[in-house]
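Working notes for the structure below.
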Amino acid sequence: RGAIREDELRAHWERPDSPLFEHELVRRNQEGMEQRTTFRVRALTEEFKEPLLEAVKNSWTDVDFEDLKGTLDRFFEQRALTHPGATNVEYYIATDTEDRPFAITGVYTRDIEGGAGFATRDRLDPAEHNLITGLGWFAVDTQHQGTGVGGFLLDWTENISRGRGSKIMAIETDDYENEEAALKLYEKRGYVQ
């Protein structure tokens, strides 16, 4: 459920060729039959961008996937910079055991070193301040919805945020009809509008 140390995440971003971890979820369907879903979580790299976009394109309706594509293009541009930005963005994907991507989660964190002014940088203590993180694009392809992977990825992303001292996670949503399921999921988990 996200018990990964910060140094492990950083090492993974330096060498994202192999998965960060592999996990198996076991659930019972309505008939009481056991269903197993094995997947890998890894950093989103450019080689996975197009297959990911293809996989999640039916996760929403009426959503402009050019926005997602543009976000991912900017994400890769930021990753190529040699200095940290004020806002650090990380995207992770879930792949099946054949390394076909089918889900994405992201986290936006504030870099106290890079994002705070000199006058306040040394005064910001994560233990004393309500640091906010944000959930990036989050989607699971329709074939994997209902398997528990989405809940697992959201738990994992929240735990990464908590590990960095975040007290609040913000999630931006749209007012499309199909967002109602996402809103219900977020509200069920304690998020409020």
For this session: Output the peptides 25-34, 150-159 sorted from most to least packed, where packing is the average of other Cβ atoms within 10 Å over each peptide's residues.
Result: 150-159, 25-34
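Report the local net charge at R100: Lys and Arg +1, Asp and Glu -1, summed over other residues whose C-beta lies under 15 Å from its C-beta.
-4
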Exercise. Each label point is 7 Å from the Cα along the Cα-to-Cβ direction; what then is the distance between the points at D99 and R5, in nm?
Worked result: 2.7
For this session: Net charge near E22: determine it from the other residues with C-beta under 12 Å of the C-beta of E22, scoring Lys and Arg +1 and Asp and Glu -1.
Result: -1
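Values in this text are rule-based calculations from the coordinates and carry no lab data. All figures in this text were calculated on a predicted structure; none of them were measured in a lab. We place every Cβ from the backbone using ideal geometry, glycine too, and count neighbours over all the protein chains shown.
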